[in-house]
Amino acid sequence: MIRTERIVAGYGDLVILKEVSVEVGKGQTAIIVGPNGAGKSTLLKVITGQVKPVSGKVHFNGLEIEHREVHRIAEMGISIVPEGGRIFPGLTVYNNLKVGSYCRRARSRFKERLQEIYGLFPILKERQVQAAGSLSGGERQMLAIARALMSQPQVILLDEPSMGLAPLIVNEVFDLVRKIKTQDYSIIMTEQNVRKALQLADYAYLLESGSVRFQGAREPFSQNPDIQRAYLGI
């Protein structure tokens with residue numbers, strides 16, 4: 001579904017990503033872990049067109065998309081939940097979800113899709129006339145994920161979905177990701193909670209200083225001594 005090929009990217013003269021190659025297949029979940037400043041969020045911005053690479057390719061369903069505009073990439077079926085969720089706090093839950101269906105591919109199925117989302121996240125139906133800013137932290141993240149799903153994506157990118165949340169809420173967020181994983185979406189997730197993220201992963205990448213230092217399927221990745229010592233506390 002998504003494959004990046006030797007991506008070099010950054011901001012101005014600052015190079016963040018140094019020939020980064022990752023991929024995720026249909027219905028699979030790939031996690032990207034690593035310390036702050038490693039380039040995880042930048043990589044997601046490259047995939048969604050927010051940052052244009054200096055060199056390298058981004059393939060989506062066999063098409064090169066690295067120089068396409070952000071809204072064109074979204075229309076193709078790639079949706080992102082940015083770090084912190086970034087809902088519209090002054091809008092109701094319903095209107096946040098409506099914003100999520102702005103893509104041409106999703107507009108005609110808005111009502112049908114809304115009911116599907118309410119079926120997946122019943123609490124959002126209960127809160128639909130409530131201002132999004134009044135939701136709990138876990139409910140806000142749920143809304144952010146649901147809003148992304150409203151665009152009917154094939155691939156959903158989750159940028160640090162548990163960041164800044166209390167431990168109990170973190171568990172709720174990972175339960176949400178587990179739920180959408182069963183819906184056959186392809187997922188790329190950056191996350192610092194490596195232990196929990198690995199429970200959901202089919203494949204994992206360790207990104208450090210802008211480069212992929214280690215990669216592998218869930219079991220080999222989690223059994224690597226360096227990963228265990230630095231990220232799993234073993």
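Rule-based calculations on the coordinates, nothing more; no lab input. As the structure is a prediction and not an experimental result, all values here were calculated from the model. Using ideal geometry, Cβ is built from the backbone for each residue, glycine included, and neighbour counts are taken over all protein chains shown.
Mean separation of Cα pairs under 8 Å and 6+ residues apart, divided by the residue count of the chain: what relative contact order is that in percent? Computed over the chain, the figure is 28 percent. Among the trypsin sites (Lys or Arg not before Pro) within the stretch 26-58, those in coil by DSSP and having at most 13 neighbouring Cβ atoms inside 10 Å are Lys26.
Taking 15 Å as the straight-line reach from the Cα of Lys125, the aspartates and glutamates in range (excluding those fewer than 8 positions away in the same chain) are Glu112, Glu116, Glu139.
Among His67, His59, which comes first, then next, by fewest other beta-carbon atoms within 10 Å? Could the numbers behind the result be given before it?
Working: His67 10, His59 15.
By the 10 Å Cβ count, ascending, the order reads His67, His59.
The ranking of Thr29, Thr182 by Cβ neighbour count inside 10 Å, starting from the fewest, reads Thr182, Thr29.
Residues with beta-carbon under 14 Å from that of Gln228, excluding Gln228: net charge, scoring Lys, Arg +1 and Asp, Glu -1?
Working: positive: Arg195, Arg218, Arg229; negative: Glu219, Asp226.
After counting each charged neighbour, the total is +1.
Here the residues Arg109, Arg3, Arg229, ranked from fewest to most Cβ neighbours within 10 Å of their Cβ, fall in the order Arg229, Arg109, Arg3.
The candidate values were [x] 25, 21, 16; [y] 33, 23, 18; [z] 28, 21, 16; the one computed from these coordinates for semi-axes √(5λ) of the Cα gyration tensor in Å carries the label [z]. In this structure, the residue pairs whose Cα-Cα separation is over 32 Å, taken from Lys52/Lys111; Lys57/Lys111; Lys111/Lys196; Lys40/Lys111; Lys111/Lys181, are Lys52/Lys111; Lys57/Lys111; Lys111/Lys196; Lys40/Lys111.
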